[in-house]
Ligand SMILES: *Cc1c(COP(=O)(O)O)cnc(C)c1O
């Protein structure tokens with residue numbers, strides 16, 4: 001793999017699925033599993049883990065809070081999602097609107113949820129959280145019956161599940177059994193049993209405390225962390241945190257390495273610099289304790305881990321070169337497993353995974369092959385809506401942000417592209433090599449006869465499309481909401497709309513001359529463009545060419561040409577007669593290139609972005625004359 005970063009995280013989804021299969025082998029026929037993806041799936045990426053788990057048959061997903069749940073919804077996850085932690089009263093509306101299932105252990109939240117569900121005319125599923133001894137959130141067991149009967153009074157709530165959580169399933173048998181017993185007794189006393197009954201996390205399943213459940217919540221062990229202690233051959237780390245040596249240096253006996261002189265060389269030797277520190281999530285507590293995997297060996301971390309660097313003893317592997325790849329966490333050797341590293345400082349493997357996931361760029365693998373990567377700034381900005389019709393709003397927000405800060409503008413720009421283009425769940429059919437020519441002839445009766453030629457490449461998505469001319473802003477606006485309208489024009493109000501004032505000269509797709517059918521009505525003229533052969537071209541990129549003839553008012557003194565779709569490389573040309581002496585272009589471009597190249601000649605102005613540059617909708621140019 002050609003990777004040139006200071007550090008990165010590899011997430012092996014094939015390993016994840018193997019771990020799931022190991023855990024699933026402990027489930028009874030009547031038991032399903034919920035995949036916990038809170039904290040961005042313990043630093044592994046919530047969306048990718050959710051999709052892999054759903055492919056393995058997960059019945060439910062679990063998140064920590066509303067935000068995590070609604071991000072998954074925006075990422076297109078349709079599966080049921082349980083919010084494991086208590087929600088705030090303010091969050092009730094968004095929970096209902098995002099079809100999330102909250103864990104409920106107080107009446108105030110239940111009341112608000114009920115109200116919101118009523119407003120939307122739906123029944124809201126909830127899971128009741130019980131406290132069986134952990135004494136964190138949840139209803140105490142002795143209060144559970146009366147709580148349940150209070151909840152039953154809410155007409156718009158449905159108790160779909162009931163659950164509790166273990167404090168120490170991995171290593172406290174006595175306490176766990178007591179928790180299990182309390183839970184089981186309560187469930188048995190219920191007249192009506194909810195659909196989902198769940199208590200066990202991953203280690204509890206393996207330890208055999210999941211008998212009362214029909215749903216088991218998989219967390220840490222699905223990521224290959226053996227919190228029990230004898231399963232390191234059955235569970236393999238999904239995450240590997242890697243880096244490359246940035247320098248190899250010699251050290252003499254008696255010299256010190258790092259802050260506070262905490263390591264002194266016992267003999268002359270070699271050591272290396274790793275461009276990763278505690279700010280990258282490589283825990284400071286691993287100073288002088290951890291080992292890293294390098295060139296088929298393990299080598300000890302020496303000295304204190306700094307904010308952005310660490311040092312490793314290479315004395316026993318003298319052939320190592322700078323640039324050598326190394327693995328700090330995960331990988332093949334047992335010593336670099338998260339549970340073994342965190343044990344060195346009595347820390348938590350859960351925490352180590354979460355903190356490493358925070359800063360490094362992620363690469364998703366399936367058996368050594370890179371599927372895709374999640375960029376570093378993956379959580380900088382989440383567009384509030386992914387629907388096409390809302391695109392303009394997102395873009396305009398992005399623009400206003402950019403006006404205040406270039407940096408934010410850049411970030412938003414990258415995020416929008418990522419959302420639109422790199423998100424593999426979507427087919428975004430953007431335009432390429434877009435060229436728009438407008439040519440004015442000498443005025444006639446207060447109007448310039450105007451010819452427009454539009455050419456671009458785009459994937460054809462239907463066997464027809466519409467070219468439309470509107471007589472009012474309102475009608476024009478409605479055309480922007482339609483997917484089947486390729487080109488729109490607003491006719492001046494001084495003209496009456498007819499085939500004489502708006503005419504299609506020709507429409508071609510992939511060289512085929514399309515048939516045109518005119519359909520007109522109050523304030524609009526629509527030309528339906530079609531051809532039987534188009535059906536065979538659907539899904540393929542085609543060259544479009546649309547030529548029209550119309551009129552433009554001379555007293556308007558300005559002509560605007562806007563880009564209405566996401567477009568890759570744009571050229572806009574305005575040709576005008578001698579009588580128009582002074583034409584000035586004002587361009588407003590957003591996207592990669594804010595100032596496209598402009599050429600002004602006698603009677604012709606041309607703006608052109610560089611090849612392959614992305615241009616956002618609402619970009620364009622206003623020619624004043
Ligand atoms: C985090 C969490 C889990 C997952 O537990 P693991 O020990 O990681 O398997 C299960 N249930 C609840 C309520 C949780 O918060």
Single residue of 272, 219, 254, 281 found to be on the phi > 0 side of the Ramachandran plot and modelled with pLDDT of 95 or more: 254
Which listed residue is assigned to a loop (DSSP other than H, G, I, E, B) and within 14 Å of the ligand (Cβ to nearest atom), from 41, 58, 79: 58
All positions within segment 580-603 that are in contact (Cβ under 8 Å) with a residue 24 or more places away in the chain, under 27 Å from residue 566 (Cβ atoms) and part of a strand (DSSP E or B): 585, 586, 587, 588, 591
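Considering only segment 1-23, state which residues are buried (at least 19 other Cβ atoms within 10 Å of the Cβ) and out of contact with any helix residue (DSSP H, G or I) (no Cβ under 8 Å at 6 or more places or on another chain).
First, pick out the residues of segment 1-23 that are buried (at least 19 other Cβ atoms within 10 Å of the Cβ): 7-13, 15-16, 19-20, 23.
Across segment 1-23, the qualifying residues are 8, 10, 12, 15.
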Any hit, segment 104-115, residues being modelled with pLDDT under 95, in a helix (DSSP H, G or I) and touching a strand residue (DSSP E or B) at 6+ places or on another chain (Cβ under 7 Å): no
Residue in segment 219-228 that is within 16 Å of the ligand (Cβ to nearest atom) and without any contact (Cβ under 8 Å) to a residue 60 or more places away in the chain present: yes
Which listed residue, of 137, 87, is closer than 28 Å to residue 208 by Cα, within 16 Å of the ligand (Cβ to nearest atom) and assigned to a loop (DSSP other than H, G, I, E, B): 137
Members of segment 26-38 that are within 16 Å of the ligand (Cβ to nearest atom) and surrounded by fewer than 22 Cβ atoms within 10 Å (Cβ to Cβ): 26, 27, 31, 32, 38
Within segment 124-139, tally of residues that are in contact (Cβ under 8 Å) with a residue 24 or more places away in the chain and loosely packed, with under 14 Cβ neighbours inside 10 Å: 1
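Kindly provide the set of residues from segment 140-154 that are in contact (Cβ under 8 Å) with a residue 40 or more places away in the chain and part of a helix (DSSP H, G or I), ordered by number.
Restricting attention to segment 140-154, the residues satisfying the condition of being in contact (Cβ under 8 Å) with a residue 40 or more places away in the chain are 141, 144-145, 147-148, 150-151, 154.
Of everything in segment 140-154, those that are in contact (Cβ under 8 Å) with a residue 40 or more places away in the chain and part of a helix (DSSP H, G or I) turn out to be 141, 144, 145, 147, 148, 150, 151.
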Residue 206 vs. criteria within 11 Å of the ligand (Cβ to nearest atom), part of a loop (DSSP other than H, G, I, E, B) and within 18 Å of residue 20 (Cα to Cα): no
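Check 298, 336 and return the single one that is surrounded by 22 or more Cβ atoms within 10 Å (Cβ to Cβ) and touching a residue at least 12 places away in the same chain (Cβ under 8 Å).
336
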Residue 190 vs. criteria buried (at least 19 other Cβ atoms within 10 Å of the Cβ) and more than 35 Å from the chain's Cα centre (by Cα): no
Any chance residue 118 is assigned to a helix (DSSP H, G or I), away from the ligand (no atom under 16 Å from the Cβ), more than 28 Å from the chain's Cα centre (by Cα) and surrounded by fewer than 16 Cβ atoms within 10 Å (Cβ to Cβ): no
Which numbered condition residue 243 fails, given (1) within 14 Å of the ligand (Cβ to nearest atom); (2) within 33 Å of the chain's Cα centre (by Cα); (3) under 30 Å from residue 282 (Cβ atoms): (1)
Test: residue 68 is away from the ligand (no atom under 14 Å from the Cβ) and either surrounded by fewer than 24 Cβ atoms within 10 Å (Cβ to Cβ) or in contact (Cβ under 8 Å) with a residue 60 or more places away in the chain (or both): no
Sole exception among (1) on the phi < 0 side of the Ramachandran plot; (2) touching a residue at least 12 places away in the same chain (Cβ under 8 Å) for residue 511, by number: (1)
Filter result (in a strand (DSSP E or B) and more than 16 Å from the ligand (Cβ to nearest atom)) within segment 155-175: 157, 158, 159
Hits in segment 132-168 - residues which are in contact with a helix residue (DSSP H, G or I) (Cβ under 7 Å, 6 or more places away or on another chain) and under 19 Å from residue 64 (Cβ atoms): 164, 166, 167
Scope segment 492-514; condition touching a helix residue (DSSP H, G or I) at 6+ places or on another chain (Cβ under 9 Å) and at pLDDT 90 or above; matching residues: 509, 510, 512, 514
Single condition residue 478 does not satisfy, out of (1) outside any strand (DSSP E or B); (2) more than 19 Å from residue 564 (Cβ to Cβ); (3) touching a strand residue (DSSP E or B) at 6+ places or on another chain (Cβ under 9 Å): (2)
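Among the residues of segment 176-203, how many are more than 11 Å from the ligand (Cβ to nearest atom) and either in contact with a helix residue (DSSP H, G or I) (Cβ under 7 Å, 6 or more places away or on another chain) or within 13 Å of residue 128 (Cβ to Cβ) (or both)? If you could, list the steps in order and put the result at the bottom.
Our first condition is that a residue be more than 11 Å from the ligand (Cβ to nearest atom); within segment 176-203, this holds for 176-197.
From what is left, the residues that are either in contact with a helix residue (DSSP H, G or I) (Cβ under 7 Å, 6 or more places away or on another chain) or within 13 Å of residue 128 (Cβ to Cβ) (or both) are 176, 182-183, 186-187, 190, 192-197.
The qualifying residues number 12.
The values are calculated or read from the model by the stated rules, or taken from the named source; none is laboratory data. What you are looking at is a predicted structure, and each value in this text was computed from that prediction instead of being measured. All Cβ positions, even for glycine, are placed from backbone atoms using ideal geometry, and neighbour counts span all protein chains on display.
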